[in-house]
Amino acid sequence: MEKKNFANHSNHGNARILLSAALSAILSFGLISCSNDNDDSINNQVNDENVVRDDASALSLVNGVYSHWQPLSSSFSFIIELNSNKLISFEGTEEKEGPLNSRFEQAPDTWYQIKIFNHLFLGIAEDNEAIKAVDEAYKNGKVTKAGYDAAVGKAKFLRALAYLKLAQLWGEVPVFTEAGGSTTERKELNEVFTQIVNDLTAAESLLNDYNGDPRIPSKQAAQALLARTYLVWGDNPLTYDQVAEIANSQTDPEFSKTDSRLEKAVEYADRVIRSGKLALDPEYNKLWGREYESNKRGTNEHLFTIAHDGDKKDAQGNHQTHCSWTYPFQNGENGKGYKQNHTEVADDDLYDNWKAEYPDDKRLAETYFIEVVNPETNLTHHYYSPVYTPINGKGVDQSYENSENLEIKQNSVDRIEIRYAEVLLIKAEALVQLGRNQEAAEPFNQLRTRAGIETVDAPTFDQIKREWDYEFTYEQFSVLNSYRWKNLISSVKQVSTYKHFADDWKEKQTYTADQEAYFQKVHNHLVAKYNNVKGKHYRQPVPNGLHGENLGISQNPGY
């Protein structure tokens with residue numbers, strides 16, 4: 001097969017050019033670097049050769065990179081969850097970016113793709129500049145070895161995480177570091193993953209052990225990301241040419257794997273486990289909310305989180321709650337109307353099917369809300385057809401009883417990027433893919449024991465896949481797992497079995513015109529998912545720049 005040449009004829013970019021060209025875009029968003037570990041901060045623009053004066057300023061420089069991660073916290077859901085069978089979106093009119101992703105109609109000018117792609121690359125550019133500046137300061141004796149390790153370790157950790165997100169969503173992407181490289185020439189996937197592994201291996205050696213604060217990247221967080229990276233890489237991500245072959249079809253490609261990489265996934269998961277630094281929180285419902293974030297319970301399940309202060313210094317709070325719970329008590333039979341949330345559970349069946357399998361699973365009630373009491377009025381609001389559809393419970397602040405969800409205004413819940421449960425499931429899945437199913441039972445059963453459901457002697461691959469849904473529904477894994485397992489199309493087409501997919505859905509509805517319009521939209525989105533999903537959706541479209549400019553990067557197949 002002829003190898004695709006990703007080089008762009010006008011290629012002249014490097015990290016400094018990209019950073020310089022995009023500074024006006026950054027500043028136009030009003031983005032400010034988040035507070036550092038010493039509650040210090042600096043401006044994003046880094047062009048003063050003396051900006052790194054000491055250890056504190058070195059770390060502050062790297063912390064400026066968070067200004068590109070914080071606006072993305074809820075945005076990831078608008079690609080990763082909407083591009084699946086699990087979520088639909090009524091964020092604005094039907095031509096807006098939420099509904100476009102919900103219906104698999106995203107394009108290079110769709111905002112969420114533009115926002116995520118550009119901010120990840122801008123973060124990488126700032127990582128590169130920070131690494132270069134800190135390295136120079138260290139050579140000149142301005143920074144201690146400990147200061148160098150903390151700053152460069154964090155920068156390489158964040159750079160690797162950005163490249164991993166880019167590779168998972170867009171495939172071959174440009175690779176540029178402090179040593180140079182192109183911002184337009186797409187590199188083969190093995191090169192991208194090699195860069196990710198190199199950065200995380202360096203971060204593992206530079207960073208300190210997990211100290212209970214998940215906002216600070218740690219040695220164990222780097223090991224967990226290495227386990228995730230090797231699992232993704234081990235499942236042989238589709239190349240450009242492979243996607244091109246199926247771009248316009250509705251047939252999934254064959255699943256394949258590379259055992260040597262899966263063995264590395266087990267190895268790095270084991271390093272986290274053997275460290276003894278992490279554990280499962282004994283109460284699943286205590287993982288989300290303002291009172292539980294950043295390991296306030298001291299249970300050490302949150303391994304790495306993105307901090308949010310709620311539209312203050314971080315410039316954009318985590319709108320995860322706002323998007324999935326936009327009108328907390330204006331829906332249901334006691335509501336003022338049938339307001340349409342920015343993101344909606346795709347249909348009742350997602351709740352019903354899980355309940356039929358494991359009615360006593362403690363995670364079910366935390367994942368799908370079908371009944372909520374408003375503590376101010378004491379009225380019960382039901383979220384279940386024909387009144388409404390279930391609500392994504394993980395989008396609601398669950399840190400106090402009967403929350404009226406002040407988080408919709410405060411947006412200050414930290415986003416969880418990695419928790420210890422993922423490490424256990426990565427190990428279990430890699431072992432099952434390697435044919436070591438009995439060994440996989442121990443980490444696998446830890447999750448099921450906490451959930452209060454039956455354990456197994458040797459989990460199957462299908463059970464592993466379902467466990468990802470049980471444990472991580474709406475935690476920004478859905479489409480990424482479908483990419484790995486090569487079942488994107490078949491999983492999305494499951495919507496044809498959902499209640500509101502049927503053509504006779506109208507005859508079963510007997511409520512108000514507003515409610516009927518709501519279920520019409522549910523029906524339309526499910527049908528659109530079924531009809532529109534194609535092989536090209538194993539990749540996202542390479543988007544425009546933040547101001548609509550062409551980034552000079554060749555497009556993915558089918559867009």
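Scanning the range 467-504 for residues that are surrounded by fewer than 22 Cβ atoms within 10 Å (Cβ to Cβ), touching an Asp or Glu at 6+ places or on another chain (Cβ under 8 Å) and among the small types (Gly, Ala, Ser) gives a single hit, Ser490. Of all the listed residues (Leu158, Leu166, Leu189, Leu207), the sole one being farther than 23 Å from Ala146 by Cβ and crowded, with 21+ Cβ neighbours inside 10 Å is Leu166.
Matching residues to (1) closer than 29 Å to Ser182 by Cα; (2) in contact with a strand residue (DSSP E or B) (Cβ under 6 Å, 6 or more places away or on another chain); (3) modelled with pLDDT of 95 or more:
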| residue | (1), (2), (3) |
| --- | --- |
| Arg466 | no, no, yes |
| Ile489 | no, no, yes |
| Thr497 | no, no, yes |
| Thr512 | no, no, no |
| Ala517 | no, no, no |
| Gln520 | no, no, no |
| Gln540 | yes, no, yes |
| Glu549 | yes, no, yes |
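Restricting the range 162-216 to residues that are assigned to a loop (DSSP other than H, G, I, E, B) and of a type in the set (A, V, I, L, M, F, W, C) leaves a set whose member that is farthest from Ile418 (Cα to Cα) is Ala179. Gln476: in a loop (DSSP other than H, G, I, E, B), in contact (Cβ under 8 Å) with a residue 60 or more places away in the chain and touching a Phe, Trp or Tyr at 6+ places or on another chain (Cβ under 6 Å), yes or no? It is true that Gln476 is in a loop (DSSP other than H, G, I, E, B), in contact (Cβ under 8 Å) with a residue 60 or more places away in the chain and touching a Phe, Trp or Tyr at 6+ places or on another chain (Cβ under 6 Å). Number of residues in the range 522-534 that are assigned to a helix (DSSP H, G or I), modelled with pLDDT of 95 or more and buried (at least 18 other Cβ atoms within 10 Å of the Cβ): the value is 5. Checked against (1) at pLDDT 95 or above; (2) of a type in the set (Ser, Thr, Tyr); (3) under 30 Å from Gly181 (Cα atoms), Ser73 passes all but condition (1). Please determine, by comparing only the residues of the range 66-87 that are part of a loop (DSSP other than H, G, I, E, B) and touching a Ser or Thr at 6+ places or on another chain (Cβ under 8 Å), which one is surrounded by the most Cβ atoms within 10 Å (Cβ to Cβ). Top of the filtered list is Leu82. A search for C-beta distances below 6 Å between a residue of the range 174-186 that is on the phi > 0 side of the Ramachandran plot and any residue that is not hydroxyl-bearing (Ser, Thr, Tyr), counting only pairs 6+ apart in sequence or on different chains, returns Gly180/Asn14; Gly181/Val175. In the range 69-80, the residues that are under 15 Å from Thr321 (Cα atoms) reach residues that are of a type in the set (D, E, K, R) with C-beta atoms within less than 6 angstrom, at least six apart or across chains, in these pairs: Gln70/Asp314; Ser73/Arg415; Ser75/Lys115. Residues in the range 535-550 that are buried (at least 18 other Cβ atoms within 10 Å of the Cβ) and either of a type in the set (S, T, N, Q) or out of contact with any Leu (no Cβ under 9 Å at 6 or more places or on another chain) (or both): Lys536, Gln540, Pro541, Asn544. Please verify whether Glu422 is in contact with a strand residue (DSSP E or B) (Cβ under 9 Å, 6 or more places away or on another chain) and closer than 21 Å to Ser260 by Cα, treating the condition exactly as stated. It is true that Glu422 is in contact with a strand residue (DSSP E or B) (Cβ under 9 Å, 6 or more places away or on another chain) and closer than 21 Å to Ser260 by Cα. Taken together, the criteria exclude Gly147 from residues that are touching a residue at least 60 places away in the same chain (Cβ under 8 Å), under 26 Å from Ala421 (Cβ atoms) and not charged (D, E, K, R). Per the listing Leu225, Leu238, Leu262, the residue uniquely farther than 30 Å from His302 by Cβ, surrounded by 18 or more Cβ atoms within 10 Å (Cβ to Cβ) and hydrophobic (A, V, I, L, M, F, W, C) is Leu238.
Look at (1) part of a loop (DSSP other than H, G, I, E, B); (2) modelled with pLDDT of 95 or more and you find that Ala58 fails only one, number (1).
Counted as qualifying within the range 223-327 are the helices (runs of 4 or more DSSP H) with 3 or more residues that are polar (S, T, N, Q), namely 320-324. Restricted to the range 139-155, and to residues there that are of a type in the set (Val, Ile, Thr) and buried (at least 21 other Cβ atoms within 10 Å of the Cβ), the residue that is farthest from Lys219 (Cα to Cα) is Val143.
Here is the figure for the range 129-158: residues that are under 18 Å from Asn198 (Cα atoms) and assigned to a loop (DSSP other than H, G, I, E, B) total 0. Restricting Ala203, Ala162 to residues that are closer than 19 Å to Phe76 by Cβ, aliphatic (A, V, I, L, M) and touching a residue at least 24 places away in the same chain (Cβ under 8 Å) narrows the list to Ala162. Just so you know, in the range 342-386 the residues that are hydroxyl-bearing (Ser, Thr, Tyr), farther than 16 Å from Glu467 by Cβ and surrounded by 15 or more Cβ atoms within 10 Å (Cβ to Cβ) include one that is modelled with the highest pLDDT, and it is Tyr351.
Which residues, taken from the range 267-283, are in contact with a helix residue (DSSP H, G or I) (Cβ under 6 Å, 6 or more places away or on another chain) and either crowded, with 22+ Cβ neighbours inside 10 Å or not hydroxyl-bearing (Ser, Thr, Tyr) (or both)? Matches in the range 267-283: Tyr268, Ala269, Arg271, Val272, Lys277, Leu278, Leu280. Apart from one condition, Phe90 fits all of (1) in contact (Cβ under 8 Å) with a residue 24 or more places away in the chain; (2) outside any loop (DSSP other than H, G, I, E, B); the exception is (2). Among the candidates Glu254, Glu245, Glu191, the residue that is acidic (Asp, Glu) and without any contact (Cβ under 8 Å) to a residue 40 or more places away in the chain is uniquely Glu191. None of Gly30, Gly98, Gly64, Gly92 is modelled with pLDDT of 50 or more, at positive phi and not aliphatic (A, V, I, L, M) except Gly92.
The values are calculated or read from the model by the stated rules, or taken from the named source; none is laboratory data. Please read these numbers as outputs of a predicted model, since none were measured by experiment. Every residue, glycine among them, receives a Cβ derived from its backbone with ideal geometry; neighbour counts consider all protein chains shown.
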